[in-house]
Amino acid sequence: MSSSLSPSPASPSPAATAARRALPSSPLLAAARGERPARTPVWFMRQAGRSLPEYRALREGVPMLDACFDPEMLAEITLQPVRRHGVDAAILFSDIVVPLKAAGVDIDIVPGTGPVVAEPIRDLAAVRALPVLETGQVAKVADGVRLLVERLGETPLIGFAGAPFTLASYLIEGGPSRNHEHTKALMHAEPALWHELADRLADVALTFLRAQLDAGVDAIQLFDSWAGALSERDYREFVLPHSAKVLAGVAGYGVPRIHFGVGTGELLVAMREAGADVVGVDWRVPLDEAARRLAAAGTAAPVVQGNLDPALLYAPWPVLEAEVRRIVGEGRAAAGHVFNLGHGVLPGVDPDVLTRVAGLVHEL
């Protein structure tokens with residue numbers, strides 16, 4: 001295993017210190033610190049994108065990854081849901097494979113499929129040929145962040161990256177996978193190879209997050225979208241050390257660190273131990289139960305994010321309203337609660353419904 005597996009020390013640049021905004025009135029940043037703001041903050045994963053007609057009009061004819069490297073376009077797309085929904089945070093318009101693409105990996109986002117890798121990585125030679133991400137390769141993303149910092153006013157900006165396991169899964173499988181069979185087989189059959197790959201990907205995620213932080217993002221979220229495919233034992237052995245390296249590597253910036261995965265109800269405690277200030281919870285575990293599990297295993301009261309089932313955005317308003325009220329009530333069991341979905345906004349959702357949900361959360 002690489003000796004760089006131990007957490008890298010964070011070293012915010014002078015530019016990062018200068019770019020960091022003081023947002024004392026932000027409900028999201030207050031809740032992330034375990035405080036009780038005047039209203040429950042709300043934002044939606046994938047709020048910037050496919051559900052908005054203004055997004056579809058702007059992106060017409062522009063490939064996804066091209067948009068992610070266009071500072072003006074990514075800034076405008078990031079701002080669209082803030083204007084429309086009145087949410088308490090913007091989430092940077094990007095994709096978890098952006099740093100891989102920037103580094104030179106032959107990967108593309110295929111409409112209707114998702115990220116597809118030209119040559120899957122399944123042996124030592126391929127792992128060691130994986131390019132190292134340099135900060136300059138994501139300079140256009142950082143430029144977009146700086147534009148957003150200027151334009152967002154008092155609304156915080158969340159940056160993000162894909163966690164090492166999820167990035168590795170795409171690279172090993174060659175694209176999205178239902179069972180992650182190649183990934184799991186490699187993890188168990190060749191653990192040293194797995195840890196070398198995951199360590200390299202932790203460095204990729206760290207470089208990408210530090211570029212965003214140096215440009216001025218106010219919080220970060222580490223997406224481990226597919227970690228729920230693992231048992232807790234496998235997560236602790238094969239994943240936790242690498243996610244911990246990423247989260248420890250940005251700790252010195254002093255911004256909230258959110259950690260989220262899908263189907264991770266049995267992993268919540270381990271994900272918090274990886275270094276999360278805020279634990280994202282999908283819809284399968286009630287927030288009060290998630291808070292109980294986290295509190296029982298930790299010394300500090302937990303802060304949670306979530307966890308409306310995205311499918312219920314299609315339900316009649318009385319049904320949806322009751323769910324929102326339930327979730328806000330259950331969230332009070334935690335030290336802090338950031339209202340969100342249990343995964344991303346689905347493409348066909350009526351954006352007016354999201355606006356109405358955000359308004360209801362603020363009223364409650």
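No lab work stands behind these numbers, since they all come straight from the coordinates. Just so it is clear, the model here is predicted, and its values are computed rather than measured. Glycine also receives a Cβ, built like all others from the backbone with ideal geometry; neighbour counts cover every protein chain displayed.
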Sum -39500 (n - 2.57) across every DSSP H segment of at least 4 residues in the chain, then divide by the residue count to get the 222 nm mean residue ellipticity, nearest 500.
-> -13000 deg cm²/dmol
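Do you know the relative contact order of the chain, to the nearest whole percent, from alpha carbon pairs under 8 angstrom that are 6+ apart? Working shown, then result.
On the way: 724 pairs, mean separation 83.7, N = 364.
This gives 23 percent for the chain.
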Applying the Karplus parametrisation 6.51 cos²θ - 1.76 cosθ + 1.60 with θ = phi - 60° to the phi angles of region 189-204, what ³J(HN,Hα) value in whole Hz is obtained for each residue in order, glycine and proline being reported as x?
-> 7, 9, x, 5, 5, 4, 5, 5, 4, 5, 5, 5, 6, 4, 5, 4
In debye, nearest 20: dipole of region 64-171 around its Cα centre with unit charges on the Cβ of K, R (+) and D, E (-)?
-> 180
DSSP bridge orientation in the chain - percent antiparallel, rounded to nearest 5 = 15
Sorted by mean Cβ packing within 10 Å, highest first, what order do the peptides 157-166, 317-326 take?
-> 157-166, 317-326
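Can you give the charge dipole size of the chain about its Cα centre, rounded to the nearest 20 debye, using +1 on the beta carbon of Lys and Arg and -1 on the beta carbon of Asp and Glu?
Details: 33 positive and 42 negative charges, 150 e Å.
The calculated dipole for the chain is roughly 720 debye.
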Expected vector for region 205-215, Karplus 3J(HN,Hα) from phi with 6.51, -1.76, 1.60 and θ = phi - 60°, integer Hz, x for Gly and Pro, equals 4, 4, 4, 5, 5, 5, 4, 5, 5, 5, 7
Sorted by chain and number, the residues with a modelled amide H under 5 Å from that of residue 283, at a separation of 5 or more or across chains, are 342
For the chain, with +1 on Lys and Arg beta carbons and -1 on Asp and Glu, the positive-most of 359, 345, 65 along the dipole = 359
